[in-house]
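What follows is a set of notes on a single structure, which appears directly below.
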Amino acid sequence: MSAAASSPPSAFWFVVFSKPRRETEAVEQLERQGYTAFLPRVRSRRRLRGQWQDIVEPMFPRYLFLRVVPGQDDLRPVRSTRGVAGLVRFGGDPQPVPEAVMAELQRLCAGTDGVLELPTPLAAGGRVRVLEGPFAGCEGELLNQDGKRRALVLLELLGRLNPVELPLNVLTPVG
């Protein structure tokens, strides 16, 4: 028996296009059919209905990944799976995603709950606006951040610049 005949068939990752906001349903349905699916997700902070909230959403809206062994796994049922619009195709055929790309995506999402934490968009030296509290509406320069919760902001108050410590969740970048 040759070495090629004794080695297991190679599995590849393919991209699946989902129906709008149905990525999670598509993953669940594909896994129920015995496929291996991967939906990279990110956690970010957004202001929704006047409140800051941590939200988890797909890293690539409407896209997820499916691991299959070509010639062994049948891709025909994928298209009719609930939540799935179809496979992403190039030149009429689904093309595999490079293994290095998938390995890096999986590494990035390998945290405690499988969700990538996005860094705050605030950067030291940048302009910020205060959204809540006694300084609401004021703009200033972000001097530094203390972990994930507090920031030191230089605000002009009473005709002079004053460093003020504020919660990060009441700041938004200007510009």
Open item on the list: Let me spell it out: the conditions are (1) in the same structural domain as Lys19 (by TED's automatic domain parsing); (2) surrounded by fewer than 17 Cβ atoms within 10 Å (Cβ to Cβ), and Cys109 meets all of them except one. Which number is the exception?
Closed with: (2)
Task: the stretch 72-88 - residue that is of a type outside the set (A, V, I, L, M, F, W, C), surrounded by fewer than 17 Cβ atoms within 10 Å (Cβ to Cβ) and over 15 Å from Arg22 (Cα atoms) and, of those, modelled with the highest pLDDT - done: Pro77
TODO: Please give the number of the condition Gly34 fails out of (1) at negative phi; (2) exposed (fewer than 12 other Cβ atoms within 10 Å of the Cβ).
DONE: (1)
Open item on the list: All but one of (1) of a type in the set (D, E, K, R); (2) under 19 Å from the mean Cα position of the chain (by Cα); (3) surrounded by fewer than 15 Cβ atoms within 10 Å (Cβ to Cβ) hold for Arg62; state the number of the condition that does not hold.
Closed with: (3)
- [ ] From (1) loosely packed, with under 11 Cβ neighbours inside 10 Å; (2) touching a helix residue (DSSP H, G or I) at 6+ places or on another chain (Cβ under 8 Å), pick out the condition that doesn't hold for Ala100.
- [x] (2)
Open item on the list: Can you find, within the stretch 145-169, the residue that is nearest to Ile55 (Cα to Cα) among those that are exposed (fewer than 12 other Cβ atoms within 10 Å of the Cβ) and either among the small types (Gly, Ala, Ser) or touching a Phe, Trp or Tyr at 6+ places or on another chain (Cβ under 6 Å) (or both)?
Closed with: Gly147
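Restricting to the stretch 159-175, give me the number of residues that are assigned to a loop (DSSP other than H, G, I, E, B) and touching an Asp or Glu at 6+ places or on another chain (Cβ under 9 Å).
Within the stretch 159-175, residues that are assigned to a loop (DSSP other than H, G, I, E, B) and touching an Asp or Glu at 6+ places or on another chain (Cβ under 9 Å) number 1.
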Task: Enumerated strands (runs of 3 or more DSSP E) restricted to the stretch 29-126, each holding at least 1 residues that are in contact with a strand residue (DSSP E or B) (Cβ under 8 Å, 6 or more places away or on another chain) and free of Cβ contacts under 8 Å to residues at least 40 places away in the same chain - done: 36-38, 41-48, 51-58
Task: Output for the stretch 127-158, where each listed residue is farther than 13 Å from Asn169 by Cα and outside any strand (DSSP E or B) - done: Pro134, Phe135, Gly137, Cys138, Leu158
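The values are calculated or read from the model by the stated rules, or taken from the named source; none is laboratory data. Quick caveat, the model's predicted, so the values are computed rather than measured. Virtual Cβ from ideal backbone geometry, glycine too; neighbours counted across all protein chains shown.
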